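The values are calculated or read from the model by the stated rules, or taken from the named source; none is laboratory data. From a predicted model like this one, the values you see are computed outputs, not experimental measurements. Here the Cβ positions follow ideal geometry from the backbone for every residue, glycine too, while neighbour counts run over all protein chains shown. With ligands, DNA and RNA removed, areas are computed over all heavy atoms of the protein, side chains included. Shrake-Rupley method; radii C 1.70, N 1.55, O 1.52, S 1.80 Å.
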Amino acid sequence: LKEHLPSYDIRIQVHAPFSDLNPAALNPPFRELSLHVLEGTLEGARELGAELVTLHPGILSPMGQMMRETSVDNNVRSMARLARRAGDLGIRVALENMPFPAFTLCNDADGMREVLDAAGVDDTLGFCLDVGHANVTGETGGLLGLRDRLFNVHLHDNDGRKDLHLAIGEGTVDLRRVLRSVLPDYKGPFIIEGKGTEHVCGSQESLEGMLSEMGDRF
């Protein structure tokens, strides 16, 4: 990527890995290993010239569900540490809202704001609104209340029950509501998360049509 990017007129961002990682882990060595991997991701993103890295918050392990307060505190401190490292590297990080409240953190506006406020680095740590995840949890309205901290937007659709990652328009996500709420103040990217080229291209056409109806800002 580093070799070929100069040949293309594109801006890139990075989505940090999340499989097998848990920055809210109760076990300190596991938590530290997760942070080591994520800090390495921030450094790699900086090498590629990325301006933004999207992070998943920690998850609730079976024991973490019984010790939720400790898990939440670990998550806050981990995100603050990653935000500080990102600031040192001259990049920004966006914390993504999650579906499935039983085992993920930062599902709603209160949980997200707690992390953003506690980190104390407003210019470096922001919020990635995943509209599909918000549709599953029924938290779209509350999360839109954090649009002043919005760094990134992920777009995909679902039926309101499962995180299906459908093309825009194939589910129940009210994307026009989201666009009306965040535009024209939001100047960041819209990232289409699809299952393949056909999904992504169809979603792009739908998004461009909606933006055109509202008066395309690009």
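The aspartates and glutamates within cross-link reach of residue 187, meaning a Cα-to-Cα straight distance under 19 Å and a gap of 8 or more places when in the same chain, are 9, 51, 96, 122, 123, 130, 148, 208, 213, 216. In the range 70-134, the portion of solvent-accessible area held by carbon and sulfur atoms comes to 47 percent [1.4 Å probe, whole percent, DNA, RNA and ligands not counted]. Counting only alpha carbon atoms, the long axis of helix 197-214 and the longest principal axis of the chain meet at about 70°.
Seen against the Cα atoms of the chain and their longest principal axis, helix 68-89 is set at about 70 degrees. Taking the 1.4 Å solvent-accessible surface of the range 168-218 as the whole, the part contributed by carbon and sulfur is 47%. Taken over the range 123-170, the convex hull of the Cα atoms encloses 71 Å³ per residue. Per residue, the range 70-218 exposes 45 Å² of accessible surface when a 1.4 Å probe is rolled over the protein heavy atoms with every protein chain present.
What's the carbon and sulfur percent of the range 1-61's accessible surface, probe 1.4 angstrom, rounded to a whole number? If you can, show how the numbers build up before the last one.
Working: 2060 of 3720 Å².
Exposed carbon and sulfur together represent 55 percent of the surface.
The residues of the range 1-60 have, on average, 61 Å² of accessible surface per residue, using a 1.4 Å probe with all protein chains present. Can you give me the C-alpha center-to-center distance between the range 43-65 and the range 70-95, rounded to a whole angstrom? Result: 9 Å between the Cα centres. Cross-link partners for residue 195 among the lysines, with Cα-Cα distance under 24 Å and sequence neighbours closer than 8 places in the same chain left out: 162. Of all beta bridges that DSSP places with both ends in the chain, some 10 percent have antiparallel geometry.
Counting each pair of different Cα atoms once, what's the Kirkwood radius of the range 1-93 in Å, rounded to one decimal? Display every interim value, and only then the final one.
On the way: mean 1/r = 0.0716 Å⁻¹.
When all Cα pairs of the range 1-93 are included, the Kirkwood radius is 14.0 Å.
Here the scattering of the chain is modelled by Debye summation over its C-alpha atoms, one equal scatterer each and no solvent; at q = 0.11, 0.14, 0.17 Å⁻¹ the log10 of I(q)/I(0) is -0.54, -0.88, -1.27. Residue separation of residue 43 and residue 164 scaled by 0.36 nm, minus their Cα-Cα distance, works out to 40.4 nm of gained length. Taking the C-alpha atoms only, the angle from helix 109-119 to the longest principal axis of the chain is near 60 degrees. Taking 7 Å steps out from each Cα toward its Cβ at residue 69 and residue 201 produces label points 5.5 nm apart. When the chain is treated as a Gaussian network with alpha carbon springs shorter than 10 Å, the biggest mean-square fluctuation among 174, 185, 20 belongs to 20.
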